[in-house]
Structure formats: C-alpha cells, structure tokens
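**Student:** Handing you a structure now.
The values are calculated or read from the model by the stated rules, or taken from the named source; none is laboratory data. Note that this is a predicted model, so its numbers are computed, not measured. Note: ideal-geometry Cβ built from the backbone for every residue, glycine included; neighbour counts use all protein chains shown. To get the accessible areas, we keep the full protein, side chains included, count just its heavy atoms, and leave off ligands, DNA and RNA. Shrake-Rupley method; radii C 1.70, N 1.55, O 1.52, S 1.80 Å.
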Amino acid sequence: MDKVGIVLVSHSYDIVKGLKTLLNQVQPDVQIAIAGGDNGGIGTSAPAIMEAIESVYSEKGVVVLFDLGSALLNTEMAFEMLGEDRRIQIADAPLVEGAYAGVVEAGFGNSIEEVVEACENARHVKKINR
Amino acid sequence: MKLTIARAKEWMLTFNQRIQEEKDHLTELDQAIGDGDHGLNMARGFQEVVKKIEPTNYDTLDALFKDVAMTLISKVGGASGPLYGTAFLRLSTALKAESEANREKFVEGLKAALDGIKARGKAHRGDKTMVDVWEPVVDYVQSQSTIHLSQLNELAKEKMEETKDLEAKMGRASYLGKRSIGTIDPGAASSYLLFASLADCFQKGEMD
Ligand SMILES: Nc1ncnc2c1ncn2[C@@H]1O[C@H](COP(=O)(O)OP(=O)(O)OP(=O)(O)O)[C@@H](O)[C@H]1O
Ligand SMILES: [Mg+2]
C-alpha cells in the first residue's frame, strides 16, 4: 500500500458506514476502515478501533478521525495496545469535512503528516461565503 | 488492611451488586446531563467482570485486576470503559506478582489508578467527573496513619454530592455548560459506590 490509510471512529455505525461510502466515491484508491458503535449499540470500543487500524495499516501509516467524547479516549487506548512503534496519528478535525480533506490528500500519495494537516485545516474552512 | 485475593474478589462482587441496585439511579443522573447510558454501561461491564473472575482461581492480584480491566475495556462502550479500564490496569501493574498487598502497596496501587484516570481523561479536580471522588479519596488514604473505613465512605459520599454544584468541563455533560449544575455527576456516583464497596469489604476484616 503506497497511500496513508484512514480510520473513522464514531459512536454510531451508521454515521461512519455512510461516510465511508461517500469517501470511497471521491477516492476509491485510499484504504478506509471504520469503527462505529459498540456491541451493536451506541458507543466506541478500543478493540474495534485497534482492529480497524490493523486492517488498513501500512508503512505509510494511518490517520484516525473521531466524533465525540469517549471516541478519543478509546482511540488513545487502542494506540497503546498497538504499541509505540506504529505510524499512527489522530487528527483533531471535524469528522466529515476532515475525513474528506484527508482522503483527498492521502490519494495524492502524500505523507502521514501532510494528511493530518489537511484534516486539521478543514476546521477553518468556511462553508458559506458571507 | 491487607488486600488478599479473596477480598479483592469480594470488593468487585460487592461493587457489581451495588451497581446493579443503583443502575436506574445512575442512568437517571446521566439522562439529566449526559446520554443516559452510564447505569447500563456499568451494569453490563461489571456483570461481565463477575462472570469472568468469580469462577477463576487467581494466584496473584495483578492477574485478577488485569481481567477486570480487559473486560471493562472490551465491554463498556462509553467513557467509563477506558477510564475504569485504565484505572484497574494501573492497579494491576502496581501489584505485579503479589498474592496479597499490605496497606502501603494497596494505597500505592490506588494512587497509580487515579493517575491512570487523569492521564487517560485529562480531567482535573473540579471538572465534575469521577476524578472529584477519586482524588480526595486517594489523598485521604495516602495521608492518614490509620484509615477509618467509615470516614473513607463518608468522604467519598460527600465528594460525590459536591459534584452537584459544579459545572461540567469534560465529557458529554460539558456540552450543557452551566446547565449541568444541579445534578450529581454519574461517574462520581459510580466511583462513590466503588469506594463504599471497598469500605464494606474491609469492615468485615482487619483494618490496621
Ligand atoms: N475526560 C474525562 N475524565 C474523567 N472522567 C470522565 C471524562 N469524561 C467522562 N468522564 C466520566 O465518565 C462519566 C460518563 O460515563 P459514561 O459511561 O456515561 O460515558 P459517556 O460519557 O456516555 O461516553 P461517550 O462519550 O461514549 O458517550 C462521567 O459522569 C464522568 O464522571
Ligand atoms: Mg453516558
């Protein structure tokens, strides 16, 4: 795999399932994995996040985007379980816009740092020009 | 105040019992200022904990608490999963290879557990979280030459009640801002039950 992978973490399976479909349409060459919900309900799960990261992991690295509250705690927990030598980073970004920007950036074959930056810049993009 | 494997198990079993009894109450608190799943999260998580540890024979305390931690991490989908999970994981590490812990060791373990919660959640005292119960309780057991279990219980209860007047700065409740004032923090309430259960277990045994 010559492109950075993307993992989407949400309390709701439906949210990340839909988001993944949307992103695949934009850039089918980037590997995207999802970790949504917990044991069939609403929540997040460190083992599920870990599995999602493993499934798209490569030397290029993986960027994780998350929605709310415990999603961050469980993502950090998953990072610890995976060990320190992995190229994985969390992007502090809005889930939809951040993931969109990140997938586009990853599609160009750019580095994990550039993908994180693209995700995080999405925070400042105005959606309406007034 | 020696923590044996039997007593550690009893602590977890008692805590589970209290959680099951108070499940609706914890849920009500979380409905008021969160998403209403704290009672359910804790009840499901500790039911699984008991299912795992009750029939298992342990040689060391760290093996027992590691099972508690891993069960919570994999079965509890809310913030309380990684937070309590990290706490018990740190407690486990602090009690490595010990089949029983004297008071000093156990207190060290509780301090490590608190540090784990703070490292995981980045909450400080006053943010209206479980830290508002954990930190004063750990301060108390660290500073006293004799731990009075009724005092420990009272302190935990008082600190839980004090979260009512605080404004939430972390977690789901923080979205409510000032409107979070007036309700006890659900995680502080479950943490009170954890320490009340601990006091209960020791009251039945030695406590010097
Ligand atoms: N960052 C944090 N640090 C310490 N304690 C926290 C933090 N975030 C939440 N809590 C504690 O967790 C409790 C809520 O636990 P609960 O199991 O309901 O998780 P949740 O907030 O619903 O999780 P989620 O974000 O997945 O919805 C709060 O009452 C608070 O005591
Ligand atoms: Mg909740």
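**Student:** Given (1) open to solvent by 20 Å² or more (accessible area, probe 1.4 Å); (2) assigned to a helix (DSSP H, G or I); (3) within 14 Å of another protein chain (Cβ to nearest Cβ), where does B:Asp30 come up short, assuming only one miss?
**Tutor:** Only one criterion in (1) open to solvent by 20 Å² or more (accessible area, probe 1.4 Å); (2) assigned to a helix (DSSP H, G or I); (3) within 14 Å of another protein chain (Cβ to nearest Cβ) is unmet by B:Asp30, namely (1).
**Student:** Of all residues being touching a residue at least 24 places away in the same chain (Cβ under 8 Å), surrounded by fewer than 23 Cβ atoms within 10 Å (Cβ to Cβ) and of a type in the set (A, V, I, L, M) in the stretch B:33-52, which is farthest from B:Phe106 (Cα to Cα)? Just the residue, please.
**Tutor:** B:Ala43
Conditions tested, residue by residue: (1) surrounded by fewer than 17 Cβ atoms within 10 Å (Cβ to Cβ); (2) at pLDDT 95 or above.
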{"position": "B:Leu149", "(1), (2)": "no, no"}
{"position": "B:Asn153", "(1), (2)": "no, yes"}
{"position": "B:Glu161", "(1), (2)": "yes, yes"}
{"position": "B:Glu167", "(1), (2)": "yes, yes"}
{"position": "B:Ile181", "(1), (2)": "yes, yes"}
{"position": "B:Pro186", "(1), (2)": "no, yes"}
{"position": "B:Ser190", "(1), (2)": "no, yes"}
{"position": "B:Gly205", "(1), (2)": "yes, no"}
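**Student:** Just the residues that are open to solvent by less than 10 Å² (accessible area, probe 1.4 Å) and more than 8 Å from chain A (Cβ to nearest Cβ), please, taken from the stretch B:81-91.
**Tutor:** B:Tyr84, B:Ala87, B:Phe88, B:Leu91
**Student:** Follow-up question, since we're still on this one. State which residue is farthest from the other protein chains (Cβ to nearest Cβ) when the search covers only the stretch A:72-99 and only residues that are in contact with a Leu (Cβ under 9 Å, 6 or more places away or on another chain), assigned to a helix (DSSP H, G or I) and within 15 Å of A:Ile15 (Cα to Cα).
**Tutor:** Among those residues, the one meeting the criterion is A:Ala99.
**Student:** I'm told B:Ala94 meets every condition in (1) closer than 30 Å to B:Ser145 by Cα; (2) of a type in the set (Gly, Ala, Ser); (3) within 14 Å of another protein chain (Cβ to nearest Cβ) except one. Can you identify the failing condition by its number?
**Tutor:** Failed condition: (3).
**Student:** Does at least one position in the stretch B:119-127 carry a residue that is hydrophobic (A, V, I, L, M, F, W, C), within 14 Å of another protein chain (Cβ to nearest Cβ) and buried (at least 21 other Cβ atoms within 10 Å of the Cβ)?
**Tutor:** Within the stretch B:119-127, one or more residues are hydrophobic (A, V, I, L, M, F, W, C), within 14 Å of another protein chain (Cβ to nearest Cβ) and buried (at least 21 other Cβ atoms within 10 Å of the Cβ).
**Student:** Then there is this: Please list, ordered by first then second residue, the pairs with beta carbon atoms under 8 Å, 6 or more apart or interchain, first in the stretch B:78-104 and within 21 Å of B:Val131 (Cα to Cα), second at pLDDT below 95 and open to solvent by 60 Å² or more (accessible area, probe 1.4 Å).
**Tutor:** These pairs meet every condition: B:Gly78/B:Asp35; B:Ala79/B:Arg172; B:Gly81/B:Lys75.
**Student:** Among the numbered criteria (1) more than 15 Å from ligand 1 (Cβ to nearest atom); (2) more than 19 Å from the chain's Cα centre (by Cα), which single criterion is violated by B:Lys157?
**Tutor:** Tallying (1) more than 15 Å from ligand 1 (Cβ to nearest atom); (2) more than 19 Å from the chain's Cα centre (by Cα), B:Lys157 fails exactly one: (2).
**Student:** Here is a follow-up. Taking into account only those residues within the stretch A:12-36 that are touching a Ser or Thr at 6+ places or on another chain (Cβ under 6 Å) and outside any helix (DSSP H, G or I), which is surrounded by the fewest Cβ atoms within 10 Å (Cβ to Cβ)?
**Tutor:** A:Ala33
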